[in-house]
Ligand code: FAD
């Protein structure tokens, strides 16, 4: 394995203008890391990676690499691209065995982080290392957010997330599990109890409905709820998954592993699917069936009715989706899983009207990631809407730097 990776590292052309780095959302210095790896300076490479991106191990596994580093590798034009994610995974895995617990002296500033997903974990690591007293409030019984309760374990090992949970405890971070902030504790309660800074990283856990007749029936589920505990569902043999994003792919692949025959129903063409090519290919390898140009119309007791659609190029060359009238087609099902996007829940903002939100519930922040309430910051999916792990980590780094600037610590 190691030998292969060294050979892989030697394939890097060390481009003067490294497109891999330019297209990495967190600007990982890929050529530098590869050079350190070639020189067997694994621990130094791990340090550089971790300093730039504390969640590099997760990013090496779940980033949409074909749109980022790998997809822009010059080697990929005539040959296969350099597999930097595998090299990053190897370095980060080794670094994980000895994560740095060195911290600055305590500064006695209390910070409450609401949400223990990628943005919350990154905030906690960066602020604890700077000497802040950090408490994470997490609604679930474990940390990780989507890493643990969304992305299936065949894609991402839960042990990796456990390592970070242990690491945070070693850094002195307090974690309040099973604590949904909003209904019981409000933002004002946290302020009253001496938390100078409050960081909201609560993600997007409100499934968007299709808003069609029959959607409240007992066999209709939402993908992000299903993925939290798929073992508690009895889906039956014939499962339809509605949607074309990565969440739809994950839900379909999990349902397949629980023994169902799964068909993904999508209202546009395959090339319009927001899921990455890799995820679509892996779903196909798993035996998931795909049907394109089916638009949901109504759910009856044993069948779901769709209208057929087609793409038409208009006079300006734009591709439009046309729904074909009277094209009703009924498909039988035992269960339906809906995966047509998510938005933020309102637990926090419904008890704190000084925090403004956009139309779809995402939290409004300024350029420093501060909300409309002083000293309350926010980042990750709850601000941007559904994005990626690396985007959440990158925004978190910038947000933490703004808090450090406010405290004149940098
Ligand atoms: P989250 O990960 O959602 O974490 C938010 C945390 O806040 C959760 O733990 C939640 O329980 C907690 N919380 C919410 N409300 C409260 C409250 N009121 N009080 C206390 N705690 C609260 N991205 C990729 O880069 N690659 C992928 O392969 C990928 N696959 C995905 C698959 C699925 C099924 C899903 C849903 C998303 C996927 N994503 C992927 C997107 C990525 O996981 C998210 O962009 C990322 O997790 C956002 O991090 P976050 O910290 O903002 O939010």
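Remark: spin-label model distance residue 106-residue 398 equals 3.4 nm, labels positioned 7 Å along the Cα→Cβ axis.
What separates the Cα centres of the range 122-185 and the range 361-410 is a distance of 17 Å. The equivalent ellipsoid that matches the C-alpha gyration tensor of the chain spans semi-axes of 37, 29, 20 angstrom, in descending order.
So for each of 394-407, 121-134, 185-198 I average, over its residues, the number of other beta carbons within 10 Å; can you give me the resulting order with the highest mean first? Can you show the working numbers first?
On the way: 394-407: 19.0, 121-134: 24.1, 185-198: 17.3.
Order by mean packing, descending: 121-134, 394-407, 185-198.
Classification of the range 49-106 by its C-alpha gyration tensor yields a prolate form. The axis ratio a/c (a ≥ b ≥ c) is 1.5 or more, and a/b outweighs b/c.
Taking the Cα atoms of the range 3-98, the ratio Rg/Rh between the radius of gyration and the Kirkwood radius comes to 0.92. The fewest-to-most ranking of 293, 316 by surrounding Cβ atoms within 10 Å reads 316, 293. With all projection directions averaged, the alpha carbon convex hull of the range 133-247 covers 9.7 nm². Of the peptides 301-308, 53-60, 177-184, the order by per-residue mean of other Cβ atoms within 10 Å, starting with the highest, comes out as 53-60, 301-308, 177-184. Put in line by how crowded their Cβ is, counting other Cβ atoms within 10 Å and starting with the fewest, 212, 280 read 212, 280. Among 295, 332, the ranking by other beta carbons within 10 Å of each residue's beta carbon, starting with the fewest, stands as 332, 295.
Rule-based calculations on the coordinates, nothing more; no lab input. Model, not experiment: these values are computed from the prediction. Cβ atoms come from the backbone with ideal geometry, glycine included; neighbour counts cover every protein chain shown.
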